[in-house]
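Input: a single structure, listed below in structure tokens.
The values are calculated or read from the model by the stated rules, or taken from the named source; none is laboratory data. Note that the structure is a prediction, hence the values are computed from the model and not measured. Quick reminder, even Gly has a Cβ in these numbers, built from the backbone with ideal geometry, and neighbours come from all protein chains shown. Side chains included, ligands, DNA and RNA excluded: accessible areas come from the protein's heavy atoms. Shrake-Rupley method; radii C 1.70, N 1.55, O 1.52, S 1.80 Å.
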Amino acid sequence: MTTITKDNDAPGASFLHRLIERVGIHNISLLVALCALLVIFGTLRGDVFFSTRNLLNIGMGVAILGVLAISQTGVIVSGGLDISVGSIVGLTTVVTAMAVQSTGLTGAGIVAALAVGAVAGLVNGVLITYGRINAVIVTLGTMAIFRGVAFILSNGQSISIFEDSFRYIGTNRLLGLPIPIWVLIAVAVGFYIFMHKSIVGRNYYAIGGNPIVARLSGLNIPRYRVGIYVISGVMAGVAGVLLAARTGSGQPISGSDGLELEAITAAFLGGCAMQGGRGTVVGALLGVAIIGVLNNGMILTAVPTFYQMLAKGTLLILAVFLAEYRLNKA
């Protein structure tokens, strides 16, 4: 008796099916979009775009954004949103510069940035959780407050950092890659393990997916929600250290303005849902890569700044639309 094997049961088809399930159809679509952008800008500016220097520039450009997008993914997965991260980055660059300038110690600047970021995140988490105020409203308000504090501390001026050991973080390389890229890799690996492999990370998915069931299961939801905002603040502190080390100064607004928009866009591009419960670190990194290539490509092709802003805003709306479409279709 002859057995007829269906195409779908063939070893090759089975492997492809398992690969698609493992990677995820959404991540595959992001990879396709990323490749399309690479082809477009590589064709338009092939003389520059694929040069080692430019590719490293893209990596440096997305390192800070990537740290924020990954932590933003954690916040959105839990059912929240943090619009204040850009202002926290600006504030932590100022505090870092002041600490390094007054002590001459790189470690003092790093500790100050992480501490201030944690306090800022704690303020957000407490107001949202115990004040029972909508996360968008709270973080819109604290976005202005943190930015105002940064301007008050710096008198509206940039604060220069002359400590070479601190600037080393933002300007030197390790094993051929800029240190900020290594920091992004470390954050991505750490967050992946935390969100996808730990019980605490899985609980965040449960809280964002169905908070009522999570509460009935015995989870301390207020503690979890405050915790994820503290983590977001600490990651903003990490981004602030990288930005201050790269620019050699503390900037109350320059360099951090618009980071919150791009971080949220990357998170939604990566598959986060507004209602929470969905989102991955890998998806966030792919979203960051798309934004980084798009930003770099538009600069190389001399797209006017106003049109760049238009493109970024459109990308955010498209990302949220696709996230809601996938949720309604599921």
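If you take the residues of the range 133-189 that are open to solvent by less than 40 Å² (accessible area, probe 1.4 Å) and among the small types (Gly, Ala, Ser), which of them is nearest to Ile264 (Cα to Cα)? Selected residue: Ala135. The set of residues in the range 266-280 that are assigned to a helix (DSSP H, G or I) and open to solvent by 10 Å² or more (accessible area, probe 1.4 Å) contains only Leu269. Based on this model, can you work out whether Ala115 counts as more than 19 Å from the chain's Cα centre (by Cα) and among the aliphatic types (A, V, I, L, M)? So Ala115 fits the description; yes. Pick from the range 161-201 the residues that are of a type in the set (A, V, I, L, M) and in contact with a strand residue (DSSP E or B) (Cβ under 8 Å, 6 or more places away or on another chain): which of them is farthest from Val288 (Cα to Cα)? So, considering only residues that are of a type in the set (A, V, I, L, M) and in contact with a strand residue (DSSP E or B) (Cβ under 8 Å, 6 or more places away or on another chain), the one farthest from Val288 (Cα to Cα) is Ile161. Could you tell me whether the range 294-304 includes any residue that is open to solvent by 60 Å² or more (accessible area, probe 1.4 Å), touching a residue at least 24 places away in the same chain (Cβ under 8 Å) and either touching a Lys or Arg at 6+ places or on another chain (Cβ under 7 Å) or of a type outside the set (Phe, Trp, Tyr) (or both)? No: zero hits.
Among the conditions (1) farther than 20 Å from Ile228 by Cα; (2) at pLDDT 90 or above, the only one that Thr139 does not satisfy is (1). Only residues that are closer than 14 Å to Ala244 by Cβ, of a type in the set (A, V, I, L, M) and open to solvent by less than 30 Å² (accessible area, probe 1.4 Å) were counted across the range 109-120, and they come to 2.
Are there helices (runs of 4 or more DSSP H) fully within the range 1-107 with at least 1 residues that are within 18 Å of Leu184 (Cα to Cα) and modelled with pLDDT under 90? List them.
Ranges flagged: 52-77.
Any residue at all in the range 58-70 that's crowded, with 24+ Cβ neighbours inside 10 Å and not aliphatic (A, V, I, L, M)? Checking the range 58-70: at least one residue is crowded, with 24+ Cβ neighbours inside 10 Å and not aliphatic (A, V, I, L, M). Candidates are the residues of the range 247-258 that are at pLDDT 85 or above and open to solvent by 20 Å² or more (accessible area, probe 1.4 Å); the one that is nearest to Ala289 (Cα to Cα) is Thr247. Residues of the range 203-229 that are in contact with a helix residue (DSSP H, G or I) (Cβ under 8 Å, 6 or more places away or on another chain) and either polar (S, T, N, Q) or exposed (fewer than 13 other Cβ atoms within 10 Å of the Cβ) (or both): Asn203, Val213, Ser217.
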